[in-house]
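My questions will all concern the structure given below.
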Amino acid sequence: MSSTLVLFVRHGRTPTTGSTLPGRAPGLHLSDEGLRQATATAASLASAAPGMPGGGVAAVYSSPMERTRETAAPIAKALGKRVRTAHGLIECDFGKWTGRYLKDLSRLKAWRSVQRQPSTFRFPGGESFAGMQARITGQVAELVSEHPGETIVCVSHADPIKAALSAALGSPLDMFQRLIVQPCSVSAVLHSDEHPVVLSLNSNGAVVSQAAS
């Protein structure tokens, strides 16, 4: 049985983290803190890489957004790889909510659905959570099939990563908001021929030792 280890990395902190919903709007870059986080995560992954399936990281994939590519760059450099773009890792399309303050959105009646019944919600003029989950899980399945028995890094965004982890856990999408994925955290999922196994979630960069087994 060939198992593929997928390391999900959320992008580092940006100037809008925790205050607005940037979505797919262009031009958002990492803050100085985010750059430091990305460098620290790169060092941690490079240190752990020799013990991973395949004897190291085979490829580093990133969402096409600036903040994810800037996070992936030091990781790829530390691992001796290049950053490859995987469009299925992109942020959710928040439609008309893009760029709005979270404190304002939280006052909307629809916010209750976002938090408690996300499986039923579609952003006005944008993507549904169900569509987002189908997109990222499909992208991950494609990458896993391209890297049997290897380890790959996928740099993405909070909601898509949470949706992918929820699917790996076999948890209903309506529960995915209960997961926390902080900036530059690492979550490890081992994909086998039977089912995925979540080895770590929201780690500070130290990959669990079970990933090598």
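Just so you know, all these numbers are worked out from the coordinates, no wet-lab data involved. Treat the numbers as computed from the prediction; the structure is a model and nothing was measured. Counting neighbours? That spans all protein chains shown, and the Cβs are built from the backbone with ideal geometry, glycine included.
Out of curiosity, is A72 assigned to a helix (DSSP H, G or I) and either farther than 30 Å from S106 by Cβ or in contact with a Pro (Cβ under 7 Å, 6 or more places away or on another chain) (or both)?
When the stated conditions are applied, A72 passes them.
Consider A78 against the criteria (1) in contact with a helix residue (DSSP H, G or I) (Cβ under 9 Å, 6 or more places away or on another chain); (2) in a helix (DSSP H, G or I); (3) within 25 Å of G18 (Cβ to Cβ): it satisfies all of them except one. Which criterion is unmet?
Among (1) in contact with a helix residue (DSSP H, G or I) (Cβ under 9 Å, 6 or more places away or on another chain); (2) in a helix (DSSP H, G or I); (3) within 25 Å of G18 (Cβ to Cβ), A78 violates only (3).
Can you tell me how many residues in segment 11-63 are β-branched (V, I, T) and assigned to a strand (DSSP E or B)?
Final tally of qualifying residues: 3.
Does segment 158-178 hold any residues that are within 20 Å of A141 (Cβ to Cβ) and surrounded by fewer than 18 Cβ atoms within 10 Å (Cβ to Cβ), and which are they?
L169, G170, S171, P172
Sticking with this one: Out of T17, T39, report the one residue that is of a type outside the set (F, W, Y), surrounded by 19 or more Cβ atoms within 10 Å (Cβ to Cβ) and in contact with a helix residue (DSSP H, G or I) (Cβ under 9 Å, 6 or more places away or on another chain).
None of the others qualify; the one that does is T17.
With (1) more than 21 Å from A188 (Cβ to Cβ); (2) free of Cβ contacts under 8 Å to residues at least 24 places away in the same chain; (3) exposed (fewer than 15 other Cβ atoms within 10 Å of the Cβ) as the list, and Q117 as the residue in question, which single condition is left unmet?
(2)
Given the criteria among the β-branched types (V, I, T) and surrounded by fewer than 23 Cβ atoms within 10 Å (Cβ to Cβ), does V155 qualify?
Criteria not met by V155.
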